[in-house]
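Okay, structure first, notes after.
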């Protein structure tokens with residue numbers, strides 16, 4: 001086979017495998033997760049039954065109650081190393097979830113059977129002056145598009 005023909009065949013093969021999902025994560029349809037924010041609370045301390053987690057001076061715990069649905073026909077799990085929630089303030093400051101591995105009662109579960117809907121809290125360590133109503137919540141599931149939730153109308157409990 002001539003070198004130019006071999007290159008054309010390799011490029012065509014790479015294109016076909018990329019589109020079919022064999023390279024680069026593929027296209028996930030339908031989306032694996034549906035996420036929504038229900039309400040938020042501001043806490044001075046979080047307890048897990050044994051320990052107390054207190055924010056640093058000038059900070060507070062922002063607990064956002066979210067609902068997550070597994071849209072697939074297979075068991076799925078949240079992996080806190082690869083699936084991330086992020087809070088972005090109106091000044092573009094970014095905050096990642098905290099206390100993911102602490103088994104706090106009411107925390108968002110990480111195991112989801114097919115079609116399962118579960119609700120729980122995610123926690124952010126934020127400055128006291130942060131305006132939740134002008135922030136955005138981002139959910140970054142591994143190898144999927146980012147879900148953005150504006151918090152303008154999110155009620156405080």
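The values are calculated or read from the model by the stated rules, or taken from the named source; none is laboratory data. Predicted model only: the values in this text are computed from it and were never measured. Cβ: placed from backbone, ideal geometry, glycine included. Neighbour counts: every protein chain shown.
General observations
- When each of 90, 103, 36, 94 is tested for being touching a helix residue (DSSP H, G or I) at 6+ places or on another chain (Cβ under 6 Å) and either surrounded by fewer than 19 Cβ atoms within 10 Å (Cβ to Cβ) or at positive phi (or both), the lone residue that passes is 90.
- Exactly one residue among 79, 93, 102 is more than 14 Å from the chain's Cα centre (by Cα), at pLDDT below 95 and more than 16 Å from residue 42 (Cα to Cα), and that residue is 102.
- Test: residue in segment 128-151 that is exposed (fewer than 15 other Cβ atoms within 10 Å of the Cβ), in contact with a helix residue (DSSP H, G or I) (Cβ under 6 Å, 6 or more places away or on another chain) and in a loop (DSSP other than H, G, I, E, B): no
- Hits in segment 48-69 (condition: surrounded by 12 or more Cβ atoms within 10 Å (Cβ to Cβ) and either touching a helix residue (DSSP H, G or I) at 6+ places or on another chain (Cβ under 8 Å) or assigned to a strand (DSSP E or B) (or both)): 53, 59, 60, 61, 62, 63, 64, 65, 66, 67, 68, 69
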